[in-house]
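Visitor: Below you'll find the structure I mean.
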Amino acid sequence: MEFSIHDHASETYHPCKSARDGDWIIFTCPVCADYERRINWRTEELRVKGGKPEIQHSGEYIPGEYKHAFTATN
Ligand SMILES: [Zn+2]
């Protein structure tokens, strides 16, 4: 399983860092201190904070050590 975010609204591109916090995959931008996008891997709920519409944010989260947890829920 792989989680990714891709906004295609603009040509300004910021690669995001990703991390996992409990049920949430959290994407943060090293440039935009206020930007944060969260995806709940259980419910697929999406929450976005900060960021600017003219800036494209893209990131991926590939669970490695958590594969066991993902397969266990399916
Ligand atoms: Zn940014």
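Values in this text are rule-based calculations from the coordinates and carry no lab data. Note that the structure is a prediction, hence the values are computed from the model and not measured. Because the Cβ atoms are built from the backbone with ideal geometry, glycine has one as well, and the counts that use them run over all protein chains shown.
Visitor: Once you have the Cα-Cα distance between residue 17 and residue 62, take 0.36 nm times their residue separation minus that, and quote the gain in nm to one decimal.
Guide: Details: separation 45, 0.36 × 45 = 16.20 nm, distance 1.15 nm.
Residue separation times 0.36 nm, minus the Cα-Cα distance, leaves 15.0 nm.
Visitor: Excluding residue 42 itself, calculate the net charge of residues whose Cβ lies under 15 Å from the Cβ of residue 42, where each Lys or Arg counts +1 and each Asp or Glu counts -1.
Guide: Charge balance in the 15 Å sphere: -1.
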